[in-house]
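Step one of this worksheet: look at the structure below.
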Amino acid sequence: MKRRTLVKGLATAIPSLLLSKAIALPAYFLDPEGSKEYIKVPFSPTWDSLKNYKVPEWYKDAKFGIWAHWGPQCEPERGDWYARGMYEEGSDQYKYHVEKYGHPSKFGFKDVINKWKAENWDPDHLVGLYKKAGAEYFVALANHHDNFDLYNSKYQEWNSVKMGPKKDIIGGWAKAAKKHNIHFGVSVHAAHAWSWFETSQRSDKKGPMAGIPYDGKITKADGKGKWWDGEDPQSLYAQNHPLSEDSENNGAIHRQWNWGNGVAKPTDAYIEKFYQRTIDLIDKYEPELVYFDDTALPLWPISDAGLRIAAHLYNRSIKKNGALKAVLNGKILDEEQRKCMVWDIERGQSNEIEPYTWQTDTCIGSWHYDRRIFDNHHYKSSKTVIHTLADVVSKNGNLLLSIPVRGDGTIDADELKVVEEIGQWMKVNKECIYGTRPWKIYGEGPATENMAPLTAQGFNEGKGKPFVAQDIRFTTKGAVLYAIPMGWPENGKITIKSLAKGNASLYPSKIKSMELLGVGPITDFKQDETGLTVTLPAKQPALSYAFALKITN
């Protein structure tokens, strides 16, 4: 008894000792919660060290998260990247901005921030709604490329507590997530403000305002008598620097996303400020997941700031929990980097079972709220979301789904319908999603014959053949196999070719029982050389655009 107490005490103490570098210790320490797993010693800011990362079980089991990609760029309700597009002469967002607010030399994005009040925001209601929809984790935007911190930021004066809504947005989301017992994460995008905001350095090339600079290079001295008197706009825009190569080309930023191809290199002060802001965010709000909208890590490879943040996040998690329970998402990772964090694919899906847990992030509309999508009823349907979820989970992935939030902090009626329908489906079929692992193959059917390849961050969503009833995805939980057809067959029968009699490499055992989740046992099935043919009951489960067969031997 005394020996067990001593080991537990050492296990609790070792993380803090290691972090202080007070003593040298062996390569492993025991998990103080008593599991048989061992945890590597705290991490250092190198790729080799980060390769010791192990994805926590909570994230592997969670499968589904909802994201509030919400900030001041949602105030105009005119779509994604508004703070950049409003400075692109002749663009839709530029025209909208001039008509609604005035010319960007007089009313810039800093002034959009001042307009944003988030007056109807109720994080408790929204997170509760998402929990009911089946989300096991919730992610909130902490800052975007617009460089505005949505929390009580110690290192960025342009933040939501001091300006705009004058509310601690991340603090409110975190409190609601804790209340509803849902894992909490944040997304961080601000590393790219340096080049992303270069459009604000421009001026019109034609018309009555030609040659008059936009507000991207104004300074603190220009604020006398203005609402922002005493504040420095360069803390937001960060544009007192030479332009990147080909900066006048609005699309050039995409090939410069990895801080190459002629991008203007940020100063050390800019990099260090981003690092301090992100560490402050992690330490204040203790997110279990941090999503970076970056190639690999922020500011890599021109700086080790992202590596230092990653090491801090992991070490802090170990110190707090006695085990590594943090998740870090990054994009466009090579094979070695995928060992260091969780690979995120934007608006796309892998075409195979991945050896490491990964994530798809997508949105039912525009990343930043666009009123036109609601007016025209063009959101993704719950059917599309569920098909994506089943496909992603069958390939060892998670789905992070963004539900756009209006400028005032609410979601619209069409979005609510989608969220509620997802919840109805998950209530019936959740056991084929949560806590599952991939089978030997992810699925079968015609859609597998026309899969679109990934490009850049992902972006193969919707480019393949649409799912039909013959498209089936598989998940497992222990000895149970779940088959998820992507639609109800017209003749009431479904044939699963992968479960053909004699196909011992996939399913060597005899199928003894089967259940249709939400309905009950199925006894009318036949296994032969062509496959497992199941005669479905006349009663269909709710929202049968996908349903689950629970198969046991």
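Worth a mention:
- A full extension of the chain between Lys95 and Asn181 corresponds to an added length of 26.6 nm, given 0.36 nm per residue minus the alpha carbon distance.
- Highest mean first, the peptides 523-533, 467-477 sorted by other C-beta atoms within 10 Å per residue fall in the order 467-477, 523-533.
- Summed residue charge, Cβ within 13 Å of Asp344's Cβ, Lys/Arg positive, Asp/Glu negative: -2
- Going by neighbour counts of Cβ atoms within 10 Å, the residues Thr46, Thr360 line up, fewest first, as Thr46, Thr360.
- Around Lys417: net Lys/Arg minus Asp/Glu count, Cβ-Cβ under 13 Å: -3
- Residue exposure proxy: Ser247, Ser44, ordered by other Cβ atoms within 10 angstrom of their Cβ from fewest to most, comes out as Ser44, Ser247.
- Take every Cα pair under 8 Å whose residues are at least 6 apart in sequence, average their separation, divide by the length of the chain, and the relative contact order is 15 percent.
- Charge tally for Ser153 (other residues, Cβ to Cβ under 15 Å; Lys, Arg +1; Asp, Glu -1): -2.
- Largest-first principal axis extents of the Cα set of the chain (Å): 80, 66, 42
- A Förster distance of 45 Å, applied to the separation of the beta-carbon atoms of Thr46 and Ala538, puts the FRET efficiency at 0.15.
- For the pair Asp122 and Asp408, the difference between a 0.36 nm per residue extended length and the Cα-Cα distance amounts to 102.0 nm.
No lab work stands behind these numbers, since they all come straight from the coordinates. Computed from a predicted model, the values in this text were never measured in an experiment. Cβ sites come from the backbone with ideal geometry, for glycine too, and all protein chains shown count toward neighbours.
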